[in-house]
1. For the range 228-254, enumerate the residues that are crowded, with 20+ Cβ neighbours inside 10 Å and small (Gly, Ala, Ser).
2. If we keep just the residues of the range 52-79 that are in contact with a Pro (Cβ under 6 Å, 6 or more places away or on another chain) and part of a loop (DSSP other than H, G, I, E, B), which is nearest to Arg215 (Cα to Cα)?
3. Residues in the range 406-425: is at least one free of Cβ contacts under 8 Å to residues at least 24 places away in the same chain and closer than 24 Å to Asn46 by Cα?
4. Quick one: is Ala225 open to solvent by less than 30 Å² (accessible area, probe 1.4 Å) and among the aliphatic types (A, V, I, L, M)?
5. Going by the structure shown, is Met255 touching a strand residue (DSSP E or B) at 6+ places or on another chain (Cβ under 6 Å) and among the aliphatic types (A, V, I, L, M)?
6. Kindly provide the set of residues from the range 298-314 that are assigned to a loop (DSSP other than H, G, I, E, B) and more than 28 Å from Gly360 (Cβ to Cβ), ordered by number.
7. State which residue is nearest to the chain's Cα centre (by Cα) when the search covers only the range 421-473 and only residues that are open to solvent by 60 Å² or more (accessible area, probe 1.4 Å) and among the hydroxyl-bearing types (Ser, Thr, Tyr).
8. Identify, by number, the condition in (1) more than 27 Å from the chain's Cα centre (by Cα); (2) in contact (Cβ under 8 Å) with a residue 12 or more places away in the chain that Thr153 doesn't meet.
Amino acid sequence: MLPRRHRGPARLWVAIAALVTGTIWLWSSSSVGPLGTYRVQDSVVNDLWRTADSDGWRASSAPRTYWPPPPTESESNGYLRVRCNGGLTQQRSAICNAVVAARILNATLVLPELDANSFWDDESGFVDIYDVPHFIKTLKYDVRIVMSVPKITAQGKTKKLRAYKIDPPRDAPVTWYRTTALEKIRKYGAIYLTPFSHRLAEKIDDPELQRLRCRVNYHALRFKANIMKTSSDIANKLRSEGHFMSIHLRFELDMLAYAGCFDIFTPKEQEILLKYRKEHFPEKILVPRERRLIGKCPLTPEEVGLILRAMGFDNTTWIYLASGKIFGGKRFMKPFRAMFPRLENHSMVGTGKLEENARGLAGSAVDYMVCLLSDIFIPTYDGPSNFANNLMGHRLYYGFQTTITPNRMALAPIFMDREEGHASGFEKRVRQVMFNTYFGAPHKRIHPESFYTNSWPECFCQTKARNHADHCPPDNVNDVLESQFQNKEDIGVEANNQTDFTSQTEELAGGHELS
């Protein structure tokens, strides 16, 4: 805003000069990126709070070709059990893979088991984290789902059908499921795949199976009502002050030990990190400086603050921190908090029932939802971080929301120069890196980018597409699927195992329709 007249002509000319200088700088720093991309340099800070340009694309994971209903109980090849291990989003990916595996096998899926105890010291199961009736109802056109393996009667005795245990290969191809797994499920009537993390290849040539993954991830997997309410309460409180950003601050013991970035810590802290690494990861010689230069070190809290300040965010910015216990504690958080004092995490929900939802696996679910709802999301370490990678994909699907991913390799020498006393031009150099960072808009998936990070183009369509494959499905796709499903239902598709959920399913409200 220009200054008022009574402040004098001198200030007026200063303001005009600043405005002209800023305009020239913005014009000179902008450039046109590849088709279908949107870059920070094309914008100013205020624009970052808005969603990116979609170029006519929208999320769409509905089938584009004939998609037969799942098998009836008599048609099913058997029952598929899986145990999903790892953190929240690793389990989430495993659940998506389990549904796809059941579809490939023409099998009935038993509600996936969550191995939360070994990772979280938490006994929460699927029914404690996710809305089960919604999960079953949303996927009724895709797979038949039951709560448990049924009981069978043999030689006058009734007992539960025993599932044959298999340790599937990592990133198993579709052919493994259509041969080895199919043979076992037909022979034994039920198989149990454990562990089931990354046990189905991400690259599948069938786009319909990839779209099924999206239907599971972005439509069927809805958290329970108490988790959704807690997340909504936090987001609403933060947004009552205006916009807010979320930051996944991956500066915890396990990630730092994995990355091998020890040189910024005290001798005692380095001893702890080395001990943890030796106990949990394969032996490997790691040189911290080299790791940092190739972008393998998580950003420190202070580095995150310096990046935000260089980009133009000020100390009034509301920030939600999604993270575990920060290794090194207050010593590392103090400079970040000094730059950006308006920091919150899920502890802001207060006491009582809400606080119970902010611990363990449920706490991670709250972090996930608040990050999904935030105006801007910044992952500080997107290497093996399932949480950050999956959130980037969900935000892309959710409406091309702004995600800023710092290029750690490009930033490393800039930070190292500053630490060695060469701070001249520091913020300008940081801006040059950050203003060439892609964020939020549809772009081609390039290895090693995960399908869960970027499901474009399989799970998107273009409203005015030139390419036939990119056309959006018809508006009545749900009616077609329901008609096909109902035809089977009329001849007895409903399984006895699902009858307990009939009344609950009929009461479901909300959720996303497939499109």
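The values are calculated or read from the model by the stated rules, or taken from the named source; none is laboratory data. From a predicted model like this one, the values you see are computed outputs, not experimental measurements. All Cβ positions, glycine included, derive from the backbone under ideal geometry; neighbour counts span all protein chains shown. Keep in mind that these areas ignore ligands, DNA and RNA; they rest on the heavy atoms of the full protein, side chains included. Shrake-Rupley method; radii C 1.70, N 1.55, O 1.52, S 1.80 Å.
1. Ser231, Ala235, Ser246
2. The extreme case among them is Ala62.
3. Yes: the range 406-425 contains one or more residues that are free of Cβ contacts under 8 Å to residues at least 24 places away in the same chain and closer than 24 Å to Asn46 by Cα.
4. no
5. No: the conditions fail for Met255.
6. Of everything in the range 298-314, those that are assigned to a loop (DSSP other than H, G, I, E, B) and more than 28 Å from Gly360 (Cβ to Cβ) turn out to be Gly312, Phe313, Asp314.
7. Tyr438
8. (2)
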